[in-house]
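Let me begin by presenting the structure, written as structure tokens, before commenting on it.
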Amino acid sequence: MKLLQMVKLRGEHKEGLVTCVGCAELAKCHCVECQENYCQKHADFHDRSRATCDHHLVVIEDILESHQAFQMLHKKHYCLSHPKELVSLFCSDCEKAVCPRCAIGFHKSHDVTSIEEVYEHIKVKMEELKKKTESKIYNLKQSIVKIKNAERESDVESLSAKRKIQEMTERCINYLKERELELVKQVNQRCSCNDDVMKIQLTQIEENLTNLKEGQDFIAAAFANWTEAEIVAIEDQMLAKLEELSEIETHKYTYPVSRTEFVDEGMGELTNVIKELGSVISEERVRQVISTLGLVSRENTKSGVELLRTSAVSRQ
């Protein structure tokens, strides 16, 4: 069995691919003479059989590790032309191993050297290749170390980046919440201002209504309870009071009130900013955009209270 065949057999056995020729069980032994693989049961039978009791069985797991098993499998090479002669020379012209008889025969005029010399030459080349291979192995191992270090650094950077993204998102959410509070505060201020305006309106209307009712009640009571002479005596005062009440203009009681509406302006720009977050858009710009997000309309921005006060002063 050649060395490459030994390596292949050992590798296939490790992968569980070598089965017994007599059954489907995993093979344990190899017969040197039969070149067949057997499970332990058939190997024992092979060893006890009269026809094969002198065969050499080796444990497949021992191949390449056990010197005895290696020597049993790795037979000496004999010349094909002279079966009793060991090949001990190498013909460089034909590039093949030959025996001494072949060397003085067919290969007489060829460049023939001892196989030991060729072996040493091959060994030197193999040592050179081995050094190069060891250098390559070292470089590859170093590359593996660098890649693993880079992988760890990448993981650390990835975690750091994710943490920063979360922090940025939380800040943006806080900006939105702050803007929400600002807008709600503006709405509350508008509503409070309108409430004040409407309270003043209601107070003035109620006062005028009370004055009108009291005037009517006074006139009615006078005609019901007073004498004609008494009514004639206060005619001028009664007429003056009625004229004053008649001058109250009820159609002017609807005073200007600030309208409160919400316009979701800036959403388009905010969406574009969010899409660019983390690249070229600064956090400060996000804050600025959010600060302009949504507007509370302020029609009739002059306070209704001020208008009422101005109207009251003019009336006085």
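The values are calculated or read from the model by the stated rules, or taken from the named source; none is laboratory data. Source: prediction; values computed, not measured. Methodologically, a virtual Cβ is constructed for each residue, glycine included, from the backbone with ideal geometry; neighbour enumeration extends over all protein chains shown. Ligands, DNA and RNA are stripped out before the accessible areas are found, and what is left, the full protein with its side chains, is counted by its heavy atoms. Shrake-Rupley method; radii C 1.70, N 1.55, O 1.52, S 1.80 Å.
Of all the listed residues (GLN166, GLN142), the sole one being open to solvent by less than 80 Å² (accessible area, probe 1.4 Å) and at pLDDT 85 or above is GLN142.
Per-residue answers, yes or no, for (1) in a helix (DSSP H, G or I); (2) open to solvent by 100 Å² or more (accessible area, probe 1.4 Å); (3) in contact (Cβ under 8 Å) with a residue 12 or more places away in the chain:
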site: ALA97; (1), (2), (3): no, no, yes
site: HIS110; (1), (2), (3): no, no, yes
site: GLU120; (1), (2), (3): yes, no, no
site: THR133; (1), (2), (3): yes, no, no
site: TYR138; (1), (2), (3): yes, yes, no
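Filtered by the rule that a residue be surrounded by 13 or more Cβ atoms within 10 Å (Cβ to Cβ) and out of contact with any strand residue (DSSP E or B) (no Cβ under 7 Å at 6 or more places or on another chain), the stretch 11-25 gives GLU12, HIS13.
Is the stretch 110-121 home to any residue that is of a type in the set (Asp, Glu) and under 60 Å from the mean Cα position of the chain (by Cα)? Working first, answer last.
Of the residues in the stretch 110-121, the ones of a type in the set (Asp, Glu) are 111, 116-117, 120.
Now narrow it down to the ones that are under 60 Å from the mean Cα position of the chain (by Cα): 120.
Scanning the stretch 110-121, I find at least one residue that is of a type in the set (Asp, Glu) and under 60 Å from the mean Cα position of the chain (by Cα), so the answer is yes.
Taking the conditions exactly as written (in contact (Cβ under 8 Å) with a residue 60 or more places away in the chain, over 30 Å from ASP93 (Cα atoms) and part of a helix (DSSP H, G or I)), does ASN188 satisfy them or not? Please lay out each step first, then the result.
On the way: in contact (Cβ under 8 Å) with a residue 60 or more places away in the chain: no; over 30 Å from ASP93 (Cα atoms): yes; part of a helix (DSSP H, G or I): yes.
For ASN188, the condition - in contact (Cβ under 8 Å) with a residue 60 or more places away in the chain, over 30 Å from ASP93 (Cα atoms) and part of a helix (DSSP H, G or I) - is not met.
Considering only the stretch 26-37, state which residues are open to solvent by less than 70 Å² (accessible area, probe 1.4 Å) and touching a Phe, Trp or Tyr at 6+ places or on another chain (Cβ under 9 Å). Matches in the stretch 26-37: ALA27, CYS29, HIS30, CYS31. Do the conditions hold for PHE90, that is, is it open to solvent by 80 Å² or more (accessible area, probe 1.4 Å) and at pLDDT 90 or above? When the stated conditions are applied, PHE90 does not pass them.
Please determine, by comparing only the residues of the stretch 38-54 that are within 21 Å of ARG10 (Cβ to Cβ) and open to solvent by 30 Å² or more (accessible area, probe 1.4 Å), which one is farthest from the chain's Cα centre (by Cα). Within the stretch 38-54, the match that is farthest from the chain's Cα centre (by Cα) is HIS42.
Quick one: is ALA220 closer than 30 Å to LEU242 by Cβ, out of contact with any strand residue (DSSP E or B) (no Cβ under 9 Å at 6 or more places or on another chain) and of a type in the set (A, V, I, L, M)?
For ALA220, the condition - closer than 30 Å to LEU242 by Cβ, out of contact with any strand residue (DSSP E or B) (no Cβ under 9 Å at 6 or more places or on another chain) and of a type in the set (A, V, I, L, M) - is met.
For the stretch 239-261, the candidate set comprises residues that are open to solvent by 100 Å² or more (accessible area, probe 1.4 Å) and at pLDDT below 75; within that set, the residue that is farthest from the chain's Cα centre (by Cα) is HIS251.
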